[in-house]
1. With a sphere of radius 15 Å drawn around the Cβ of G73, what net charge do the other residues whose Cβ falls strictly inside it have (Lys, Arg +1; Asp, Glu -1)?
2. Which value, in Å², gives the accessible area per residue of the chain when a 1.4 Å probe is used on the protein heavy atoms?
3. When you count, for each residue, the other Cβ atoms within 10 Å and take the mean per peptide, how do 482-492, 211-221, 424-434, 32-42 rank with the highest first?
4. Provide the packing ranking of 18-26, 126-134, 273-281, i.e. peptides ordered by the mean count of other C-beta atoms within 10 Å per residue, highest first.
5. Could you give the nm distance between label points at I27 and E317, where each point is 7 Å from its Cα heading toward the beta carbon?
6. Counting alpha carbon pairs within less than 8 Å and at least 6 residues apart, what relative contact order, in whole percent, applies to the chain?
7. If r is the Cβ-Cβ distance from V462 to D514 and R0 is 30 Å, what FRET efficiency results, to the nearest 0.05?
8. When the Kirkwood hydrodynamic radius is evaluated over all pairs of different C-alpha atoms of the range 429-537, what value in angstrom, to one decimal, is obtained?
Amino acid sequence: MTTYLAAAVEGSRPGLNITIFAIFVAITLGIVVWASRDNRTAADYYAAGRAFSGPQNGIAISGDYLSAASFLGIAGAIAVYGYDGFLYSIGFLVAWLVALLLVAELLRNTGKFTLGDVLAFRMRQRPVRAAAATSTLAVSLFYLLAQMAGAGVLISLLLGVSGSAGQNLVIAVVGAIMIVYVLVGGMKGTTWVQIVKAVLLIGAAAAMTVWVLGRYDFNFSSLLQDAVNHGGKTGAKLLEPGVRYGKTGTSKLDFLSLALALVLGTAGLPHVLMRFYTVPTAKEARRSVVWAIGLIGVFYLFTLVLGYGAGALVGPETIAKAPGKENAAAPLLALELGGPVLLGFVAAVAFATILAVVAGLTITASASFAHDVYANIIKRGSGESKDSEVRVARITAVVIGALAIVGGILAKNQNVAFLVALAFAVAASANLPTILYSLFWRRFNTAGALWSIYGGLAVTIVLIVFSPAVSGAPTAMIKSHDFHWFPLANPGLVSIPVSFALGWLGTMLSREHDDGKYAEMQVRSLTGVGAEKAVQH
């Protein structure tokens, strides 16, 4: 049975899977071409003309945020680790309360396209824009690398593609389609792709959830009992904390650090922040986050059923022996429920998930370089930069896409989990303290912003490099050497407080102070007076 399931995930009806993939790509490319008709200005290309409603943007945010890790990784973690796996879902969801209460509305009123706009409002433009662009590019590239490398492994697994050359081809195809989405559609096309993907993903998860519950006469307790019965050695422990993170004091601290990075990092992720500029008003930005919280929350409830369902109907031992291990839980469950056809649909949804996320990351990174670095640092905000800014953004998207393809190919056999952890840790350490200080602290200045961003970035990367995520652990990126001295796989517990402290110290050591600009920023952020308006065509 194990051999059959493993073979099925690798190569069950690959022709059917490829056909479903091709249909999805054809439909979304058609949508992207249709959406690109009104891409005339920088606001059209970067922010979709600020024309999306709150509900539409909320669906797109959920499509942007729910990556393959959310669908496959969390379902697999719940199937194998039970309660500890579901804690990921809680962290990812609670993070949106930070975004809703502290960031969304204020950022929409204050900025234009990027994080650099918010910081440059009350500080010296060139240094803070350079710092914001550096941080944005770092987070986006780490996140992009992880998604691309994961795409190679995941899609190869679901299509039955074997061999290094096959995985390289898959990564190149994903990258090429992503570049076309961004070049042709800009933010508007990318947003529609994310909406379609969100509907597909949540719809597939809902259908599988009802299907699993139907097997147990919609009695969730019976499902949990069956998962315990098929849980092997862990058994009853699946319903208790501690299977994965409770073994030692260090593992508990590591989970706390990861949770802190997830909860605080989301509100600092550049591709999430940029979505707040695609709506016409701050009120719509707030509505979009409320919609996103609702959809993401419902989806994570589905993963609870799917995870325990995979544990009960497939079994943790079968999942552990399958190619892709935990990531194979949802595909194996789909195969168990609906055979090759449902597996093909799940494969297409996973593919759609990766495409939507990488497209969002690419347009964010290209916008940051073109708007912050090219238009406002190199061209110093001159009028001549307006016409060429979008052209530079498109060129940057091609460069970033090429880097993502090469990086994904190089990293495809490595442990990519540390790249995602690094992206969240950098966002929480370098971006969030700077955003909060800038919005709420009158004394904050350019020096504080630079200390916080560059210091947070440096501390996070150093701690990650010398952590068990890179060396000294069975799952480390480098297995042949052990040079780790920092005990935690995620540095958030240390790097986030250090970054806040550096922002405070840099501010206090500098005499720069502008109460007038802070007062103006406060009025704009709270009332929306002077905020960017929707584009009228």
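1. Around G73, the surrounding residues sum to 0.
2. 36
3. 424-434, 482-492, 32-42, 211-221
4. Averaged packing, sorted descending, gives the order 273-281, 126-134, 18-26.
5. 4.0
6. Contact order relative to length: 29 percent.
7. Numbers: r = 33 Å, r/R0 = 1.09.
The formula returns an efficiency of 0.40 here.
8. Value: 16.1 Å, from the Cα pair sum.
The values are calculated or read from the model by the stated rules, or taken from the named source; none is laboratory data. Just so it is clear, the model here is predicted, and its values are computed rather than measured. Note: ideal-geometry Cβ built from the backbone for every residue, glycine included; neighbour counts use all protein chains shown. To get the accessible areas, we keep the full protein, side chains included, count just its heavy atoms, and leave off ligands, DNA and RNA. Shrake-Rupley method; radii C 1.70, N 1.55, O 1.52, S 1.80 Å.
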